[in-house]
Each structure stands twice: as structure tokens, then as C-alpha cells.
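For reference, the structure discussed in these notes is given below.
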Amino acid sequence: MAVRDWVDKQEITAGLLTLFCRHTSASLVIQENADPDVRADLETFFETIAPEEPKRYRHDTEGADDMPAHLRTALTGVQLSIPVVEGELALGTWQAIYLFEHRARPHDRQIVLHLWGD
Amino acid sequence: MAVRDWVDKQEITAGLLTLFCRHTSASLVIQENADPDVRADLETFFETIAPEEPKRYRHDTEGADDMPAHLRTALTGVQLSIPVVEGELALGTWQAIYLFEHRARPHDRQIVLHLWGD
Amino acid sequence: MAVRDWVDKQEITAGLLTLFCRHTSASLVIQENADPDVRADLETFFETIAPEEPKRYRHDTEGADDMPAHLRTALTGVQLSIPVVEGELALGTWQAIYLFEHRARPHDRQIVLHLWGD
């Protein structure tokens with residue numbers, strides 16, 4: 001994973017990594033890394049809870065998937081901070097970091113990484 | 001924006017700003033800064049997902065908007081950390097920080113700002 | 001509270017405490033510390049919004065409460081950062097930190113604490 005490789009290169013033993021997604025229609029989540037069904041169920045859930053139903057929303061500047069993408073981003077968040085312990089991200093065994101794209105078509109996304117430590 | 005002005009005054013080149021909302025019925029979200037319809041749709045969405053329906057909730061100490069405010073706060077969160085890069089918050093072009101008031105009547109709200117860096 | 005006691009022992013005057021939950025079926029929330037009804041309503045709400053309905057989900061490796069636990073974790077988050085001011089967590093009067101267990105049976109959970117400051 002790119003984030004893990006980047007942290008390795010910084011040669012920090014103990015610290016805090018912050019990931020920040022610079023968008024309002026994509027978010028960052030930590031979820032199970034084993035069964036791909038989890039990601040499929042997660043997508044279905046957010047499609048159900050914040051559906052593409054144009055008549056529900058006033059904002060539709062970029063199409064029917066525009067406002068649902070904002071809502072799903074608000075529910076999941078754009079920032080994560082993860083402690084670094086003994087040079088490694090302190091993620092649990094089953095945890096992985098995902099960029100959660102909420103627009104129908106893929107977009108280029110920028111994530112700022114901030115690492116503080118010794 | 002008050003947060004941006006405060007960061008400017010600290011004269012930090014690279015670091016991490018943390019905003020912390022000291023309440024359980026107001027939250028912090030990053031959302032689109034351009035079209036006010038986004039904020040209106042966001043409010044409608046949270047009113048729908050966690051509605052003011054007194055019979056749904058046991059807790060109503062401060063009125064019908066009390067428990068829905070707690071739920072909306074739990075869904076959106078009270079803390080944000082944003083990297084500072086070259087002296088500026090690394091927000092995306094379309095991102096702005098909002099204090100999301102979930103009570104029916106406006107309340108005085110305290111946000112603690114913590115800035116770490118060089 | 002264990003977290004507060006741990007912070008006291010570190011003898012940091014000003015800094016930032018980060019809590020990180022190393023799981024995908026338990027989360028961290030800040031909520032009202034006074035009325036236990038708030039916690040009960042919170043649990044009911046998340047049981048309603050992400051229900052245990054096996055036919056809804058593909059992922060059920062660990063049982064009917066498996067995928068709902070992932071969804072409730074994605075909605076509430078596994079990380080919190082709280083400023084430390086004058087040696088104390090800057091929590092509001094009504095705020096307390098909760099580990100939100102989303103599995104039906106209790107599990108052992110690991111929370112990593114990271115404190116940075118002077």
C-alpha cells in the first residue's frame with residue numbers, strides 16, 4: 001500500500017500520521033481488508049442511505065450523483081490520524097485505509113499526508 | 001474566515017491544525033463552499049435521517065430537538081485535523097470548515113484550536 | 001476514566017491526545033455523559049439505520065451482526081484527537097469519550113493512545 005511505503009521511507013519511530021482528503025465528494029474510511037464483500041456492502045449501504053434521487057436535492061450542479069456524494073462524504077469524513085508505533089502504522093490486523101470515491105465516474109483525488117514524530 | 005486568520009497569525013510554516021468542538025449537539029464538517037444549496041440539502045438530509053419525532057427517543061431533557069442533535073453530532077463528528085503546508089491550511093479548492101449547529105435555537109459554541117508545527 | 005488518568009500521568013501541559021481504535025466493528029464517539037438514555041437512544045438509532053437483516057448483506061462471515069457492525073463503525077469512526085490544555089483534556093462539560101461496541105457479544109478491544117506535547 002502506498003501510504004505504508006511512504007511512512008516506511010520517513011524513518012519515524014514514533015509519531016502520528018494524518019491523512020487529509022482535499023475533496024467534498026470522496027472520503028477516507030478504515031475498513032476490513034479481507035473480504036471484498038465488505039466494500040460492496042458498504043457501497044450499497046451508502047447508496048441506500050443517501051440515494052441518487054434528483055427530486056430530493058436542490059444542488060445538482062454536476063449531476064444526479066453530486067449531492068449524494070457530498071452527503072456520503074459528510075457521513076464518513078475526510079480526515080484520519082493514525083499513530084505510528086515502532087516505525088509502523090498502528091492499524092489493527094483487519095484494518096486498511098480506503099479512499100471512498102462517491103462520484104459515479106472516477107476523479108483524480110489528492111490526499112495530503114502529514115507525519116509528525118521522532 | 002476566522003480560523004484561517006488565526007492560523008495566519010501563528011506564523012507556522014508546516015504543521016497540523018486540530019479543531020475540537022466542545023459540545024454534543026453541534027459538530028464540525030468540511031463541505032462545499034460555493035453553492036449554499038449544499039448546506040440546505042445537508043440540513044434537510046440530517047433532519048430526515050435523525051428526525052425530530054419525540055416518540056422515537058427516551059432522552060428529551062431539553063426538548064424535541066435534543067436527541068436528534070446528539071445523533072447528528074455522532075454521525076458527523078466534533079473533531080477535524082487539517083495539515084498546514086507553506087503557512088496555509090491544505091484545504092481543497094472547494095472545501096470550507098463549517099460549525100454544524102444541530103439545536104433548533106442557536107447556542108454559543110466553543111471550538112478549541114490546537115496548532116502544532118514549525 | 002482510564003483515559004483521563006493516563007493523560008494525568010504523562011505530565012503534559014499543552015498538547016494533543018489521539019485515540020485510535022484498532023478494529024472495524026467498534027468505534028469511538030464523544031457523547032453526553034449525564035443521561036444514560038442518550039446511550040440507549042444512540043444504540044437504538046444505529047440498530048435502525050444499519051439493521052441486522054441478513055438478506056441485505058453479502059458479507060456475513062462472523063454472523064448476522066458482522067456487516068451491521070462494519071457499517072456502524074464507518075458512520076462513527078475509529079479515531080479522535082482531543083487537545084490538552086493546562087494539563088487536562090479540553091472536553092466540554094457534557095462530553096465523555098465512549099468505545100462503541102457494535103458486535104452483539106462483547107469483544108476485547110485495543111485502543112492506541114498517542115500524546116504529543118510539552
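Any read-out appearing in this document is the output of simple, stated calculations on the displayed coordinates, not a laboratory observation. Just so it is clear, the model here is predicted, and its values are computed rather than measured. Counting neighbours? That spans all protein chains shown, and the Cβs are built from the backbone with ideal geometry, glycine included.
Kindly evaluate C:Q110 against the criterion of being surrounded by fewer than 22 Cβ atoms within 10 Å (Cβ to Cβ), touching a His at 6+ places or on another chain (Cβ under 9 Å) and within 14 Å of chain B (Cβ to nearest Cβ).
no
Residues of region A:58-87 being over 26 Å from B:D41 (Cα atoms) and either surrounded by 14 or more Cβ atoms within 10 Å (Cβ to Cβ) or of a type in the set (G, A, S) (or both), which ones?
Within region A:58-87, A:S81, A:I82, A:P83, A:V84, A:V85, A:G87 qualify.
I'd like to check which strands (runs of 3 or more DSSP E) are fully inside region A:32-118 and have at least 2 residues that are touching a helix residue (DSSP H, G or I) at 6+ places or on another chain (Cβ under 7 Å).
A:95-101, A:111-117
Can you name every residue in region C:5-49 that is buried (at least 17 other Cβ atoms within 10 Å of the Cβ), more than 25 Å from B:L19 (Cα to Cα) and of a type outside the set (S, T, Y)?
C:D35, C:D41, C:F45, C:F46, C:I49
Would you mention how many residues in region C:40-58 are closer than 30 Å to B:Q110 by Cβ and more than 9 Å from every other protein chain (Cβ to nearest Cβ)?
Qualifying residue count, region C:40-58: 1.
Can you tell me which of B:T93, B:T61, B:T73 is within 14 Å of chain A (Cβ to nearest Cβ), polar (S, T, N, Q) and more than 13 Å from the chain's Cα centre (by Cα)?
Checking each option against the conditions leaves just B:T93.
Here are A:T61, A:T73, A:T48: which of them is touching a Ser or Thr at 6+ places or on another chain (Cβ under 7 Å) and of a type in the set (S, T, N, Q)?
A:T73
Output the number of residues of region B:82-107 satisfying the condition of being of a type in the set (G, A, S), in contact with a His (Cβ under 8 Å, 6 or more places away or on another chain) and in contact (Cβ under 8 Å) with a residue 60 or more places away in the chain.
Going through region B:82-107 one residue at a time, the tally reaches 0.
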